[in-house]
Every structure is written in C-alpha cells, then in structure tokens.
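Visitor: One structure follows; several queries about it will come next.
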Amino acid sequence: MRRIALAGFGSIAEHGHLPALRALGYEVVAVADVTPERLIRAQALLPGAELFSSPEALIASAQAEVLDICAPPSTHADWMVAACERGIPAIVCEKPFVLSIDDYARVAAARARSGATILSVNNWMYSDLYQTVAGVLASGRIGELRSIRLHTARTGAARGHAGWSPQWRIDLAHAGGGIVLDHGWHQLYLLLNWFGSQVESVSARTRTADPRHAPVEDEADIELHFPGGEAALELRWTAEDRSNGGDVRGTTGEIAIYDGSIVVHNGAIVEEIPFGGRLTESSSHPDWFESMFAVDIVDTGRDEAARTFAEAGTLVSLVTAIYRSARMDGAACRPSLQVACRE
C-alpha cells in the first residue's frame, strides 16, 4: 500500500483523485489546504489523515511516499522542487504541469538530483475517447493520419470552491492563462499521441470575448503543423452548451467524433462505436484517474512516468509558442522542444 499526501483538496482532489486512490487501496495519510472548510471536509472523508493548513508544512513533515499536487498551476513548480529536496520519492502533479520553460527546467534539475519519480497528470489519455480513436488509427481503417480537428466548448470557466478564490481560473496570478492552459493542455497531448510526432510550428489567435473572463483568453483558435499532417483546435468558454467533438481524417477514411461515440467512415463502410465516459458528463472522471493510477506509476511504472514528464516539457513549450503566436496576430512559431524536454 502506498502512503499518499494530497496537497490541495479542491474539487478535482475530492471527486477525481480521492475516489481513484481509494478504489486502488492507496492510503491517504495527509491533506493540506489553505481553506479551513476544505480541511473540515477532508477530515470528514479521511478521519485518520493528518491535516495541514499549508502545503509547504505538509511537504516539510508529512510521512508519505507520494505527494499528489491538486492545486492551481502557479504552485506546482515550487512544490515539486520542495518535495524533491525533502526526498519524497514520488510526485503526482495536476495539469497544467508548470507555466514556463524555466520552471520546467528547474523541476527537471531537482528531479535529476533527487531521483524522484514525477508523473504529469495527463488523464485524458485514459479516456474512452482517446483509447477508441487510437484503436481505429492503429488498425489502419482510415489509412495514414493526415488531419485532426477538435473542439471544446464550455459555458464558462469552471469555478473553484467559494472559500478560496472561486474565480481562480481567470486570475493570471494563479492560473497563468485562460482556456489554452485549462482545456487546450488536454487536447494538445491527445494530438501529440495520435500523431506520434512532435509539432513543427503553431499558429494561434486568442481573445477575451466575454469581459467577465478578463484578463485571460476565453476563446482560442490554434493550428498545429506536424511532419505528416495538420491539426486545428477550437476552444470556447463562451458557448451556450457543453460539447466536445471533431474529426480525424486519413488517406482512406475518416473518424467523426461525438460526445459519446465515434463514427468511422471508410468508403461505403460506416461503423459507429459508442463509448462510456462522455467528456461533457463530468469535470472529474474518477475512472480515468483510477486507470492512470492502476499503472502503479509511482512505483513500477517509472518508464511511463518518465514519458509523461518529457511530454509535459513538450506541452509547456507548445503553450509558450501558442501564446507567442497569439501576441503576433497568428504568426507561425516554432516550439523550442529541445529546450523544454532536456534534463
């Protein structure tokens, strides 16, 4: 049994990470949160856990084998470095992993010095959507992949708990950006893994269409150029309804993506493949977390943890290039992947 400490006990910790950890028999021995009411909630759910009013105090003294960081992204780099320096052997960190290439390099250096295993929580890789599309691509039913178009639409930025900055996702000091970081992060690693190659360049335009989301962007249109094809992302916090969808095109067919199914077109053959775990049904998806933790990433899954750590560097570099392109009115920008992924 692994002894887990949760740094941050907001919605994703309570409704995503905790049910998954419990289902797998992991023991949560400590919880930290700066909000008193969230600590009261943690005590009710985990009566045997040690409680800390700051994650820094938890990192300094909690007796845990795994630190699970479930807090806004502005905290991630400092807490991961502190955990490495404390000698905590395994760290799990929510998305977006860090907010800059410099922060990534700082965490990578601490990881190298300490030998810690660090997992970037890219949990949509365990979604039914990803697995179903990946299976069709691997089967060759649509030929060689040429293009992907994905859209994510939400009615606004998700709110945090009332006791602590419920609008933190539109606060640059805590979130570091808007919908590109919050929802775009997921879509970017899906694209990387479906294409199986790095991005050559990106072009992006972002805007704040609803002044209530200022100063962060609430709409983004992003084009990505891969060696073998193209991808486009449409991200909206300004929609009337929650939705996800898109299409994947190959040399001999295509996949239409809907919220709870895909439809594969290959000449006269049309095949509908339904799946559970619709992307819009929840913001937590504990089953995806359970599948991720089931790999035993913090112990025997060191290769997978190393892969996600390198992937997080690529994603930080992509996000940096996207924002740079947006500031340049959509000019093509090349991600500095070799910088972001080095250790």
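Visitor: Out of (1) within 21 Å of GLN131 (Cβ to Cβ); (2) of a type in the set (Ser, Thr, Tyr); (3) not in a helix (DSSP H, G or I), the odd one out for TYR189 is which?
Guide: Tallying (1) within 21 Å of GLN131 (Cβ to Cβ); (2) of a type in the set (Ser, Thr, Tyr); (3) not in a helix (DSSP H, G or I), TYR189 fails exactly one: (3).
Visitor: Looking at (1) surrounded by 20 or more Cβ atoms within 10 Å (Cβ to Cβ); (2) of a type in the set (Val, Ile, Thr); (3) farther than 22 Å from ILE179 by Cβ, which one does THR132 not meet, given that it meets all the others?
Guide: The single condition THR132 does not satisfy is (1).
Visitor: Follow-up. Could you please find all residues in segment 135-154 being surrounded by fewer than 20 Cβ atoms within 10 Å (Cβ to Cβ) and either free of Cβ contacts under 8 Å to residues at least 24 places away in the same chain or within 25 Å of THR35 (Cβ to Cβ) (or both)?
Guide: GLY135, ALA138, SER139, GLY140
Visitor: From the list ILE12, ILE59, ILE40, which residue is touching a Lys or Arg at 6+ places or on another chain (Cβ under 7 Å) and assigned to a helix (DSSP H, G or I)?
Guide: Residue meeting the stated conditions: ILE59.
Visitor: If THR75 meets every condition in (1) over 27 Å from HIS15 (Cα atoms); (2) modelled with pLDDT of 95 or more apart from one, which number is that one?
Guide: Against the list (1) over 27 Å from HIS15 (Cα atoms); (2) modelled with pLDDT of 95 or more, THR75 comes up short only on (1).
Visitor: Six or more apart or on different chains, Cβ atoms under 6 Å: show the pairs whose first residue is in segment 25-38 and over 9 Å from ALA7 (Cβ atoms) and whose second is surrounded by 21 or more Cβ atoms within 10 Å (Cβ to Cβ) and β-branched (Val, Ile, Thr).
Guide: TYR26/ILE4; VAL28/ILE4
Residues are listed down the side, and each one gets a yes or a no for (1) among the aliphatic types (A, V, I, L, M); (2) crowded, with 20+ Cβ neighbours inside 10 Å; (3) closer than 30 Å to PRO335 by Cβ:
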residue: ARG3; (1), (2), (3): no, no, no
residue: ALA23; (1), (2), (3): yes, no, no
residue: TYR26; (1), (2), (3): no, yes, no
residue: VAL31; (1), (2), (3): yes, yes, no
residue: LEU58; (1), (2), (3): yes, yes, no
residue: ALA64; (1), (2), (3): yes, yes, no
residue: PRO89; (1), (2), (3): no, no, no
residue: VAL98; (1), (2), (3): yes, yes, yes
residue: ARG106; (1), (2), (3): no, no, yes
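Each row is one residue, and each column tells you yes or no for (1) outside the structural domain of ALA49 (by TED's automatic domain parsing); (2) free of Cβ contacts under 8 Å to residues at least 60 places away in the same chain; (3) among the small types (Gly, Ala, Ser).
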site	(1), (2), (3)
ILE69	no, no, no
PRO72	no, no, no
MET80	no, yes, no
ARG86	no, yes, no
ALA90	no, no, yes
ALA109	no, no, yes
ALA116	no, yes, yes
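Visitor: Shifting gears a bit: Which is surrounded by 15 or more Cβ atoms within 10 Å (Cβ to Cβ), part of a strand (DSSP E or B) and touching a helix residue (DSSP H, G or I) at 6+ places or on another chain (Cβ under 9 Å), of VAL216, VAL199, VAL248?
Guide: Being surrounded by 15 or more Cβ atoms within 10 Å (Cβ to Cβ), part of a strand (DSSP E or B) and touching a helix residue (DSSP H, G or I) at 6+ places or on another chain (Cβ under 9 Å) holds for just one of VAL216, VAL199, VAL248, which is VAL248.
Visitor: Among the residues of segment 123-139, is there at least one that is touching a Leu at 6+ places or on another chain (Cβ under 7 Å) and assigned to a strand (DSSP E or B)?
Guide: Looking through segment 123-139, none of the residues is touching a Leu at 6+ places or on another chain (Cβ under 7 Å) and assigned to a strand (DSSP E or B).
Visitor: Have a look at GLY178, GLY160, GLY184 and point out the one that is buried (at least 20 other Cβ atoms within 10 Å of the Cβ), farther than 14 Å from LEU315 by Cα, under 18 Å from the mean Cα position of the chain (by Cα) and not aliphatic (A, V, I, L, M).
Guide: The unique qualifying residue is GLY178.
Visitor: Here are some residues: ARG111, ARG149. Which one is among the basic types (Lys, Arg) and in a helix (DSSP H, G or I)?
Guide: On the way: ARG149 fails: in a helix (DSSP H, G or I).
Checking each option against the conditions leaves just ARG111.
Visitor: Run down ALA268, ALA294, ALA256, ALA312 and say which single residue is at pLDDT below 90 and under 24 Å from the mean Cα position of the chain (by Cα).
Guide: Numbers: ALA268 fails: under 24 Å from the mean Cα position of the chain (by Cα); ALA256 fails: at pLDDT below 90; ALA312 fails: at pLDDT below 90.
After ruling out the rest, the residue left standing is ALA294.
Visitor: Restricting attention to segment 29-54, which residues are of a type outside the set (A, V, I, L, M) and touching a helix residue (DSSP H, G or I) at 6+ places or on another chain (Cβ under 6 Å)?
Guide: Those that are of a type outside the set (A, V, I, L, M) and touching a helix residue (DSSP H, G or I) at 6+ places or on another chain (Cβ under 6 Å): ASP33, PHE52.
Visitor: With part of a strand (DSSP E or B) and either free of Cβ contacts under 8 Å to residues at least 60 places away in the same chain or of a type outside the set (Phe, Trp, Tyr) (or both) as the only criterion, which of ALA157, ALA209, ALA204 stands out?
Guide: Details: ALA157 fails: part of a strand (DSSP E or B); ALA209 fails: part of a strand (DSSP E or B).
None of the others qualify; the one that does is ALA204.
The values are calculated or read from the model by the stated rules, or taken from the named source; none is laboratory data. Remember, predicted model here, so these are calculated numbers, not experimental data. We place every Cβ from the backbone using ideal geometry, glycine too, and count neighbours over all the protein chains shown.
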